[in-house]
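Comments concern the structure below.
The values are calculated or read from the model by the stated rules, or taken from the named source; none is laboratory data. Everything numeric in this text was worked out from a predicted model, so none of it was measured. Cβ: placed from backbone, ideal geometry, glycine included. Neighbour counts: every protein chain shown. For the accessible areas, the whole protein counts, side chains as well, though only heavy atoms, and no ligand, DNA or RNA atoms are used. Shrake-Rupley method; radii C 1.70, N 1.55, O 1.52, S 1.80 Å.
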Amino acid sequence: SLKMASDSPESLMTLCTDYCLRNLEGTLCYLLDNETLRLHPDIFLPSEICDKLVNEYVELVKTDSIFEPHESFFTLFSDPRSTRLARIHLREQIVQDQDLEAIRKQDLVELYLTNCEKLTAKSLQTLVSFSHTLISLSLFGCCNIFYEEENPGGCEDDCLVNPTRQVLVKDFTFEGFSRLRFLNLGRLIEGVNVETLLRPLASLAALDLSGIQLNDVGFLTQWKDSLVSLVLYNMDLSEEHIQVIAQLRKLRHLDISRDHLSSYYKFKLTRRVLNLFVENLVNLTSLDISGHTMLENCTIPSMEEKMGQTSIEPAKSSIAPFRGLKRPLQFLGLFETSLCRLTHIPAYKVSGDKNEEQVLNAIEAYTEHRPEITSRAINLLFDIARIERCSQLLRALQLVITALKCHKDDKNIQVTGSAALFYLTNSEYRMEQSVKLRRQVIQVVLNGMESYQEVTVQRNCCLTLCNFSIPEELEFQYRRVNELLLNILNQSRQDESIQRIAVHLCNALVCQVDNDHKEAVGKMGFVM
């Protein structure tokens with residue numbers, strides 16, 4: 001199915017969305033006073049189309065360097081009589097307070113704001129406009145959304161230095177958000193009282209409190225009859241936390257994993273804790289305990305452990321407490337724990353560092369919100385691709401492409417990801433890759449070269465380009481590739497080995513193309 005997905009052409013919907021976004025003026029809009037985009041008066045678009053337009057726009061701004069963002073883009077969706085929005089996913093610096101404000105009349109059902117650091121407390125007030133319809137909300141990594149700017153009264157000289165002071169908003173709660181079921185508050189700023197914030201919510205089904213330190217989580221029991229998913233990644237746990245979790249008997253997904261490099265961590269997982277989970281959380285289908293140190297031996301004797309065919313049956317589990325499970329788990333997170341190397345693990349999908357399958361599962365599970373873990377998983381994949389042979393090549397490539405796109409500004413991911421791409425695109429894997437997939441690789445490689453002047457990333461990207469047929473496979477990005485290579489050649493401080501690779505690429509790009517291309521390259525100043 002992966003092969004099919006990577007080969008099949010884009011859907012008509014995707015092609016039209018892309019075309020309209022790149023040609024807003026010629027399709028859906030006109031320019032008012034030569035600056036403001038306005039929707040043509042006879043256009044009415046349902047939410048299926050509007051959601052796609054907004055989500056694709058965010059994706060394009062983030063991953064396509066040629067695409068120009070529009071100041072007034074979100075105002076196109078200000079009137080629900082002509083455009084309807086329901087489910088939108090906004091990311092990073094692309095979104096500002098006025099953008100959310102522009103769409104406040106929409107009846108949003110799902111709003112994901114991921115790492116939107118420009119949003120302030122003004123946007124908290126805008127959220128209230130969606131309170132009667134919102135079912136899913138994520139404020140993951142929106143580190144300033146609980147801050148408002150306060151102008152000091154008497155303005156002295158220091159006013160020029162710091163005209164506004166940021167003040168934490170203490171009185172906001174989810175009062176009135178009567179339909180809210182899924183909430184992600186990951187990496188919430190310190191000082192916000194989570195218990196007070198959440199108290200008005202009647203029946204939460206899923207809650208993510210990643211990276212928040214709470215000494216008392218007793219308040220979670222108010223949702224013990226509704227909570228099916230709880231994520232406490234990197235929360236410093238204690239015996240009290242464990243006792244509270246054990247009361248949430250409806251839980252199907254529990255994540256208490258941690259980044260073992262992040263900080264000193266008192267809590268150690270024991271056999272008793274795992275037994276408590278297995279006995280009390282009888283509906284559990286997914287558990288993540290990645291990064292934890294086991295205080296005592298949770299495994300069965302090694303003689304018995306090595307016997308027989310590898311099995312996912314709980315009765316044969318190498319991890320003793322999991323012998324009490326009624327059925328195998330759908331997912332078990334064991335990344336950076338010693339348990340992932342055991343023989344019999346009672347789960348269909350395991351994240352870990354033992355083999356390619358476990359490593360790919362880790363990249364898949366953690367890319368979106370945990371780049372610090374993902375970069376280490378990609379590093380393991382790099383070793384597998386370099387030393388052994390990748391057996392799930394298409395999946396590996398797609399996961400690395402997704403991670404590179406998602407974390408364009410994360411140095412670790414750009415370095416490890418670009419290195420992995422070099423090994424995943426070399427000639428022995430060539431047969432298995434479609435034109436579409438190879439083009440995606442070229443796009444992320446060029447993105448990396450544009451946003452990262454770092455030597456390692458530049459070298460990895462240039463080397464990866466050498467795995468392609470030049471000029472044929474680079475033809476569709478001809479000018480862009482040449483500009484990037486020219487940039488490398490122009491830098492006097494540039495590393496010599498990279499310049500050699502760049503000269504080799506230029507040579508291949510220029511010598512075997514028709515005269516139009518040669519002329520264009522000449523005008524760009526290549527010969528000089």
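Details
- The length gained on full extension between Glu472 and Ser82, counted as 0.36 nm times the residue separation minus their Cα-Cα distance, comes to 136.0 nm.
- Calculated over region 403-524: convex hull of Cα atoms, volume per residue (Å³): 101 Å³
- Remark: region 403-524 carries 45 Å² of accessible area per residue (probe radius 1.4 Å; ligands, DNA and RNA excluded).
- FRET efficiency, 1/(1 + (r/R0)^6) with R0 35 Å, evaluated for Glu428 and Ser263 via beta carbons: 0.25
- Across region 91-141, the convex hull enclosing all Cα atoms gives 61 Å³ per residue.
- The packing ranking, built from the mean of other Cβ atoms within 10 Å per residue, places the peptides 247-260, 57-70 in the order 247-260, 57-70, highest first.
- Label-point gap, in nm, between Arg479 and Glu71 - each point 7 angstrom along Cα→Cβ: 2.5 nm
- Where both bridge residues fall in the chain, DSSP classifies roughly 20% of the beta bridges as antiparallel.
- Taking region 257-279 and a reference point 7 angstrom along Cα→Cβ of Ser338, the backbone N atoms nearer than 19 Å belong to 258-261, 265-275.
- Cα extents for the chain along the principal axes, largest to smallest and rounded to whole angstrom: 74, 67, 53.
- Difference of contour (0.36 nm per residue) and Cα-Cα distance, Val455 to Arg199: 87.2 nm
- Sites Glu101 and Thr36, calculated FRET efficiency, Cβ-Cβ separation with R0 22 Å, nearest 0.05: 0.90
- Charged side chains reduced to their Cβ positions (Lys and Arg at +1, Asp and Glu at -1) give the chain a dipole of some 1880 debye around its Cα centre.
- Zone of Lys436's modelled label, taken as backbone nitrogen in region 384-411 under 13 Å from a point 7 Å along Cα→Cβ: none
- Two-site FRET efficiency, Arg272 against Met303, from Cβ-Cβ distance with R₀ of 41 Å, rounded to 0.05: 0.95
- Only helices enter the 222 nm calculation for the chain: every DSSP H run of n ≥ 4 contributes -39,500 (n - 2.57), and dividing by all residues gives -11500 deg cm²/dmol, rounded to 500.
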